[in-house]
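Below: the structure, in structure tokens.
The values are calculated or read from the model by the stated rules, or taken from the named source; none is laboratory data. Note that this is a predicted model, so its numbers are computed, not measured. We place every Cβ from the backbone using ideal geometry, glycine too, and count neighbours over all the protein chains shown.
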Amino acid sequence: MLTMIGKRLMFAIPSLIGVVIVTFLLTRALPGDPAAYFAGPAATKEAVEQIRKKLGLDKPLIEQFFRYTNDLAHGDFGNSLTTGQPVAAELRNRLPASAELTLLGLIVSIVIAIPLGVLAATRPGSWIDHLCRVTTTAGVSLPVFFTGLVLVYFFYFRLGWSPAPLGRLDVFYSAPPTVTGFYLIDTLVARDFEAFRSALAQLILPAVTLAIFSLAPIARMTRASMLAVLASEFVRTARASGLSPSTVIVTYAFRNAMLPVITTLSMVFSFLLGANVLVEKVFAWPGIGSYAVEALISSDFAPVQGFVLTMAVMYVLLNLVIDILYGVIDPRVRLEG
Amino acid sequence: MKRRDFLKSVSGLAAGAALPAMPQVVSQAKADARSETLLIVSEGGPNNLDIHGVGTNVPGYEVSWNCYDRLISHEMKSGPGGVPYYDRDKFKGELAEDMKIDDMSVTFKLRKNAKFHDGAPVTAKDVKWSLDRAVSVGGFPTFQMSAGSLTKPEQFVIVDDATVRVDFAKKDRLTIPDLAVIVPCVVNSELVKKNASEKDPWGLEFTKQQTAGSGAYKVTKWTAGTEVVMERNEDWACGPLPKIKRVIWRMVPQAGNRRALLERGDADISYELPFKDFQEMKANGKLNVVSLPFSNGIQYIGMNVTKPPFDNPKVRQAMAYAMPYQKIMDAVLFGLGNPMFGAAKDKATEVAWPQPTKYVTDMDKAKALLAEAGYANGFETTISFDLNFAGVNEPLCVLVQESLAQLGIKTTINKVPGANWRTELNKKEMPLFTNVFSGWLDYPEYFFYWCYHGNNSVFNTMSYKSPEMDRLIDGARTAAATGDMATYDTDVKGFVDLAFAEVPRIPLYQPFVNVAMQKNISGYQYWFHRRLDYRAMAKG
């Protein structure tokens, strides 16, 4: 097991180096001149040059690159110009916000999509199969920011059930002391149940928005994979042996149908991280997605590079986790690995 | 985890899950906190708490204005619609209790009881250090100081512990007003020096993260891109103690959500909403919407006069007759702007800026002028705009494109990303573009010096050069400094007339700053910087 993890991590190194080089070059290729942008509306040419010097952008590209990698090796991601803060610190503060939202969205999605998919597979052509098809198609066809805005409109603006879309906590609560960075966990650790309720209430709408968006692939994959497994011989044998339908479906069919679903989950998780960018915008969520977009708009190199790098590392780790999960579910994978 | 704790947390979870369906229960203490707290929502937040910093953005100016004091500030007068509007010509002491203007210098006597947030008294040493800093750090602050002929540290002299003298480099009417803008704020020099380094002698890294002033508010928490929390300085000496105890300023990127927050009563104030929203909110009357013209500001269509076809004044006049002025007012601004066109034919030019031109939409005249200039069949060109203000710029450019098409002028629209806009302006190569210029100092010669003078500053986006124009602008500046008002008036009228006759840029309208707030919020004041002054505001 450990050698497998080690091997996988080794494979990740070249891709990370590639990511560093490509993001560096891509950000430099962006149109726009950060020096002119940050010199302010009233800047003279000299003022722009002064700023450029201060930012080190007057140096040749190769020198900038070596300085960047050297800083990176020391754990320094540089400073964001738009927010004025060190990028590493900001990513550290913002990543839990995005991760908490994405994970909750994924959990909500799994809780709805998997039973829906299983039910649709066991009763193909029934009303529940159609329901599954309609909801998932609708969910994936609506852009996330639109779903988000519609939810805000109804549940906050019209009905007033949901709290104001103002980020992770109500304005008048203070954030719990950081343990994990996940407010749901930290508030419980701090025994601050009022804050916990506020954090949960703030999370519901954005998490549901993400869940609606990601229902389709999970439910469809579950359905397809269950159908295939249910038609296979060992299920027929199990049924013929007189096992109860629930045992057949849950114990035999479902477990075997899980592998492709797990693969889909990893894909869904990564594209949820992408969809997050828009959801964070709608809900004023202080996550890394909105941070990266802001930075991109103002040609702020350091946060963009930091963001892409963080994402790359997360993808590598995610794939690793999925591989390990395979082993847990399917012993054959373990043997081969 | 013990079993009991587990049960507790589970019941907490259940309660939390049920919460959205229940009305929010707010304790009494929280309600009190709400009534003394101002909740502001806006699109962007500060990137630096110090206006002297590198690349401090406009929201950062608002923090500086409220957390730092200056030597002097402006009195208020009644503006359009009875809203308090800063009085360009009347100054009052802020940190200074007395100001004495001599021929070539001005002397300020400091308040005795003024203290910085850390309790240190404000002394002449701090004032000198801060003004030295403003003229030395480079970039925008230094540029703004130079607009009032404040360029060298030697101009700031410590007379005694509580007296500072500012020596004039030359006679300039803008020197005193320039001491009342945001930039010459007074910084706690001892505290900042302690946190400065060899690489950063002015301690910019320190003041970027925290406020080190004597102002009415101090920043207690700042999460960049998310929120700024400011608390009242209970010992503020430069005016009556503000009514608002705490200001929470949250960044909400979605304009629709900002409106929803206002209409639900969760947020107290917001600006930066689409004009249509402001217009609708004004109409339904649930909120107070204040719309005031930008002082000394104009949205215009600029033309690069160094290259054909716009090097020909006839073509430029044709363009001025071809602008769909009224359509822009109605469809883009929803009426929230002052027209800068269509003055009566017999109206005499005023000694004022901005003032409307006599141009109106007249396609026949435009066609005739184009034909005279030898472009009877039109030409091809590109109109550029800044995507950061796409809400206004995009529909505006589409209307212009449509209108020009009637003259056979084929216009391509070029959308320039915000980060790139200033670079493009600096290059001075765009043939046709729309932009806004607005000066902090509200004087016609100030506007013209930056926008029309042949020294070709960044804001002379048209690269317009005319010896006659330069003579008139320089004449007005000198006349203003020496108090020769007769010459001043002739020169101002002269340069306005010339600018309208040669039209290197076509004034469209004077934009409005729009602020929407709850009915129980009072004390909004318009300032030249167009940001909020919390010191005068009250809730309830």
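For region B:116-133: of the residues being in a helix (DSSP H, G or I) and surrounded by fewer than 24 Cβ atoms within 10 Å (Cβ to Cβ), which is farthest from the other protein chains (Cβ to nearest Cβ)?
If we take residues in region B:116-133 being in a helix (DSSP H, G or I) and surrounded by fewer than 24 Cβ atoms within 10 Å (Cβ to Cβ), then B:124 is farthest from the other protein chains (Cβ to nearest Cβ).
Within region B:413-434, if we keep just the residues that are farther than 19 Å from residue A:300 by Cα and part of a strand (DSSP E or B), the residue that is modelled with the lowest pLDDT turns out to be B:415. Residues in region B:360-408 that are assigned to a loop (DSSP other than H, G, I, E, B), of a type in the set (A, V, I, L, M) and in contact (Cβ under 8 Å) with a residue 40 or more places away in the chain: B:373, B:407.
Would you be able to tell me the number of residues in region B:462-473 that are part of a helix (DSSP H, G or I) and touching a residue at least 12 places away in the same chain (Cβ under 8 Å)? Spell out how you get there, then give the answer.
Residues of region B:462-473 part of a helix (DSSP H, G or I): B:467-473.
Imposing the further condition that a residue be touching a residue at least 12 places away in the same chain (Cβ under 8 Å) reduces the set to B:467-470, B:472-473.
Matching residues across region B:462-473 total 6.
Of the residues making up region B:307-356, those that are aromatic (Phe, Trp, Tyr) and touching a residue at least 60 places away in the same chain (Cβ under 8 Å) are B:310, B:325, B:341, B:353.
Listed here are the helices (runs of 4 or more DSSP H) enclosed by region B:185-275 that have at least 1 residues being touching a residue at least 40 places away in the same chain (Cβ under 8 Å) and within 14 Å of another protein chain (Cβ to nearest Cβ): B:204-209, B:255-263. Residue-level analysis places residue B:492 outside the set of residues that are outside any helix (DSSP H, G or I) and either buried (at least 19 other Cβ atoms within 10 Å of the Cβ) or hydrophobic (A, V, I, L, M, F, W, C) (or both).
Among the numbered conditions (1) within 14 Å of another protein chain (Cβ to nearest Cβ); (2) in contact with a Phe, Trp or Tyr (Cβ under 6 Å, 6 or more places away or on another chain); (3) touching a residue at least 40 places away in the same chain (Cβ under 8 Å); (4) not β-branched (Val, Ile, Thr), the only one that residue B:444 does not meet is (1).
Can you tell me which residue in region A:260-305 is farthest from the chain's Cα centre (by Cα), limited to those that are free of Cβ contacts under 8 Å to residues at least 60 places away in the same chain and under 21 Å from residue A:183 (Cα atoms)? Of everything passing the filter in region A:260-305, A:290 is farthest from the chain's Cα centre (by Cα).
Before we move on, is residue A:211 in contact with a helix residue (DSSP H, G or I) (Cβ under 6 Å, 6 or more places away or on another chain), more than 13 Å from chain B (Cβ to nearest Cβ), closer than 28 Å to residue A:153 by Cβ and among the aliphatic types (A, V, I, L, M)?
Details: in contact with a helix residue (DSSP H, G or I) (Cβ under 6 Å, 6 or more places away or on another chain): yes; more than 13 Å from chain B (Cβ to nearest Cβ): yes; closer than 28 Å to residue A:153 by Cβ: yes; among the aliphatic types (A, V, I, L, M): yes.
Taking the combined requirement at face value, the residue satisfies it.
Consider residue B:315 against the criteria (1) surrounded by 19 or more Cβ atoms within 10 Å (Cβ to Cβ); (2) over 28 Å from the mean Cα position of the chain (by Cα); (3) part of a loop (DSSP other than H, G, I, E, B): it satisfies all of them except one. Which criterion is unmet? All conditions pass for residue B:315, except number (3).
From the list B:437, B:459, B:447, which residue is under 25 Å from the mean Cα position of the chain (by Cα) and part of a helix (DSSP H, G or I)?
B:447
A residue that is surrounded by fewer than 19 Cβ atoms within 10 Å (Cβ to Cβ), within 14 Å of another protein chain (Cβ to nearest Cβ) and more than 29 Å from the chain's Cα centre (by Cα) can be found somewhere in region A:57-67. Residues in region A:159-196 that are of a type in the set (Gly, Ala, Ser), touching a residue at least 12 places away in the same chain (Cβ under 8 Å) and out of contact with any helix residue (DSSP H, G or I) (no Cβ under 8 Å at 6 or more places or on another chain): A:190 alone. Here residue B:331 passes the criteria (1) out of contact with any Lys or Arg (no Cβ under 8 Å at 6 or more places or on another chain); (2) crowded, with 21+ Cβ neighbours inside 10 Å except the one numbered (2). For region B:33-40, does any single residue satisfy the condition of being of a type in the set (D, E, K, R) and modelled with pLDDT of 55 or more? Yes - at least one qualifying residue is present in region B:33-40.
Assessment of region B:409-423 against the conditions (more than 12 Å from chain A (Cβ to nearest Cβ), closer than 20 Å to residue B:312 by Cα, surrounded by 19 or more Cβ atoms within 10 Å (Cβ to Cβ) and touching a strand residue (DSSP E or B) at 6+ places or on another chain (Cβ under 8 Å)) yields at least one matching residue.
Condition check ((1) touching a Ser or Thr at 6+ places or on another chain (Cβ under 6 Å); (2) buried (at least 16 other Cβ atoms within 10 Å of the Cβ); (3) of a type in the set (Phe, Trp, Tyr); (4) not in a helix (DSSP H, G or I)) across all residues:
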| position | (1), (2), (3), (4) |
| --- | --- |
| A:269 | no, yes, yes, no |
| A:272 | yes, yes, no, no |
| A:284 | no, yes, no, yes |
| A:292 | no, yes, no, no |
| A:304 | yes, yes, no, no |
| A:308 | yes, yes, no, no |
| A:313 | no, no, no, no |
| A:316 | no, yes, no, no |
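Could you look through region B:298-352, keep only residues that are modelled with pLDDT of 90 or more and hydroxyl-bearing (Ser, Thr, Tyr), and pick out the one that is nearest to residue B:383 (Cα to Cα)? Residue satisfying both the conditions and the ranking: B:300.
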